[in-house]
Every structure is written in structure tokens, then in C-alpha cells.
Amino acid sequence: MNDDRGRPPFLAGFWSLVVGGLALVVVISALEPIVQQRDCPNYGGSGNASAFADPAWDLYLPLLAFGWVSAVAVEQILPVTRRHRAWAVRAATALVLVVVGACCLVVSLGTVCR
């Protein structure tokens, strides 16, 4: 019998992980958030402040990260991604990487000025 599947492409199942991660990094870089607590407007005082010039990004950035995690999860259940032998390993790797990446990128920025 002839198996025409061949070897899966290197980024099969990882496209939304890579593209979404790069897009999130570009958005965060463009926003120029505060990354050190001593630079916060409320440093030494009380209350909450935003790490961004526009406090609305305190909501938008976690929503973008959630959309990124959702896109990676949806990509893992597509038939094109599932037809490869190591699908479960690739899917688990992609999901773990996206959750860790989203937490590292977003949670630290969301709590720096709290």
C-alpha cells in the first residue's frame, strides 16, 4: 500500500501559536507598558493604576490573550492538523506553550501597578 501522507510540515499545528505570539508581542511593544513597579503612577501610595497609557488595555490585553489561546485550541482540532501521527503530542505541546506564553506576557503586565 502506498502512504501519500508523508512527513508533516514543521509548523503543522503551530501556526496560530507562532503568528499569534508574534502579534501579541508586537502589540505589547507598541503599547510601551510600565514594566517596573517603581515607574508606576501609584508607587509609594495606595490604589490601583494601569501599566498602560490607556487603562482600557487592562481589559483588551487579556481578551487578546484569550483569543490567542482559543485560536491555538481551534487549530489543534482541525482535520488537517489531526491527520498526523504525533497529533496528540503536538497539540499538548502547543496548548502548554500558549498558556504559559499568555500568562507570562499578560499576567506580569496586569499586576505590575497593583
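The values are calculated or read from the model by the stated rules, or taken from the named source; none is laboratory data. Because the structure is a prediction, the values reported are computed rather than measured. Positions of Cβ are backbone-derived with ideal geometry, glycine not excepted, and every protein chain shown enters the neighbour counts. Calculation scope for accessible area: heavy atoms of the full protein, side chains included, ligands and nucleic acids excluded. Shrake-Rupley method; radii C 1.70, N 1.55, O 1.52, S 1.80 Å.
Just one of (1) in a loop (DSSP other than H, G, I, E, B); (2) surrounded by fewer than 10 Cβ atoms within 10 Å (Cβ to Cβ) fails for Ala51. It is (2). The set of residues in the stretch 11-28 being under 30 Å from His84 (Cα atoms), open to solvent by less than 30 Å² (accessible area, probe 1.4 Å) and within 17 Å of the chain's Cα centre (by Cα) consists of Gly13, Ser16, Leu17, Gly20, Gly21, Leu24.
Among the residues of the stretch 64-100, just one is of a type in the set (S, T, N, Q) and modelled with pLDDT under 85, namely Thr81. Return a yes/no flag: does the stretch 29-39 have any residue that is more than 18 Å from Thr111 (Cβ to Cβ), under 12 Å from the mean Cα position of the chain (by Cα) and assigned to a helix (DSSP H, G or I). Scanning the stretch 29-39, I find no residue that is more than 18 Å from Thr111 (Cβ to Cβ), under 12 Å from the mean Cα position of the chain (by Cα) and assigned to a helix (DSSP H, G or I), so the answer is no. Is there a residue being free of Cβ contacts under 8 Å to residues at least 60 places away in the same chain and in contact with a Ser or Thr (Cβ under 7 Å, 6 or more places away or on another chain) anywhere in the stretch 80-100? No, that holds for no residue.
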